[in-house]
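Asks: What follows is a single structure, and I will ask about it in a moment.
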Amino acid sequence: MTEVSLPRAGQTVRTGGPNPGVLAAVSLGLTVAGLVMSAAMTSGQTFVSPFSAAAQVAAYFQEHPDAVRLASMIQFGSAVPLGIYAATVYARLLRLGVRVPGPAIGFFGGITAAAFLMLSALVGWVLSRPEITTDVTLTHALSFLAFIAGGVGYVVGMGLLVAGIAVPALILGFVPRWLAWTGLVIAALSELSFLSMAIEPIQFLLPIGR
């Protein structure tokens, strides 16, 4: 593999590909839009937790199928720019001469996060079907699947993506040290969120990672 030298001062580097900032903004914007539109369509009612009673979970999906369907569609859409972001950052780190496992780990994490987000959205779409939500037990089970995929699966993948960017950025000085260290702390908390699969109180780490 050909080594790529770091750019000299004043030298412009043509990285090509989409702008990572734009991709991140689009993914974040879609995520926020999905939350806002879902809240508006349910008169401000928050998304029901799968840890609620089975009847309560089923009632939410039975009463708000359109909101669930729309939120799932937008969530699925937000995963696409996330995956492209991971590929773009991976390519850019290679062009900058980073030849350590970090970029590949970050790429794996980003694709994993995007895939689990898509899975969670697809399960959400299934939960918007009235012929499914008539079965309370099945609805409850699917809500747990949507939660674990969009929670632990997504957040752990995002943690790897952030760590894969933050470590070489810290070592090679691509960003301010405080920013790189912030990324590493968030990445570490995101990775620890998998413990919530057995220790439910640790679920507070999931929104931190998201």
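Asks: Taking the condition of being surrounded by 14 or more Cβ atoms within 10 Å (Cβ to Cβ) and in a helix (DSSP H, G or I), how many residues in the stretch 160-180 meet it?
Replies: Of the residues in the stretch 160-180, 13 are surrounded by 14 or more Cβ atoms within 10 Å (Cβ to Cβ) and in a helix (DSSP H, G or I).
Asks: Kindly list, by first and then second residue, each pair from a residue in the stretch 34-46 that is more than 14 Å from Met73 (Cα to Cα) to a residue that is modelled with pLDDT of 85 or more and aliphatic (A, V, I, L, M), limited to pairs with Cβ atoms under 6 Å and residues at least 6 apart or on different chains.
Replies: Met41/Ala67; Thr42/Ala67
Asks: Within the stretch 123-139, can one find any residue that is among the hydrophobic types (A, V, I, L, M, F, W, C) and not in a helix (DSSP H, G or I)?
Replies: No, the stretch 123-139 contains no residue that is among the hydrophobic types (A, V, I, L, M, F, W, C) and not in a helix (DSSP H, G or I).
Asks: Tell me, which residue of the stretch 149-159 that is of a type in the set (A, V, I, L, M, F, W, C) and under 10 Å from Phe194 (Cα atoms) is surrounded by the most Cβ atoms within 10 Å (Cβ to Cβ)?
Replies: Val155
Asks: Continuing with the same structure: Can you name the helices (runs of 4 or more DSSP H) wholly within the stretch 1-100 that have at least 1 residues being at pLDDT below 90 and within 21 Å of the chain's Cα centre (by Cα)?
Replies: Passing ranges, in order: 20-41.
Asks: In the stretch 105-148, which residue that is under 23 Å from Glu63 (Cβ atoms) and within 15 Å of the chain's Cα centre (by Cα) is most open to solvent (accessible area, probe 1.4 Å)?
Replies: Here is the first cut: in the stretch 105-148, the ones under 23 Å from Glu63 (Cβ atoms) are 120-147.
Applying the additional criterion that residues be within 15 Å of the chain's Cα centre (by Cα) yields 120-122, 146-147.
Values: Ser120: 12, Ala121: 4, Leu122: 95, Ala146: 18, Phe147: 60 Å².
Looking at residues that are under 23 Å from Glu63 (Cβ atoms) and within 15 Å of the chain's Cα centre (by Cα), I get Leu122.
The values are calculated or read from the model by the stated rules, or taken from the named source; none is laboratory data. Since the model is a prediction, treat every value here as computed from it, not as a measurement. Virtual Cβ from ideal backbone geometry, glycine too; neighbours counted across all protein chains shown. Heavy atoms of the whole protein, side chains included, go into the accessibility calculation; ligands, DNA and RNA do not. Shrake-Rupley method; radii C 1.70, N 1.55, O 1.52, S 1.80 Å.
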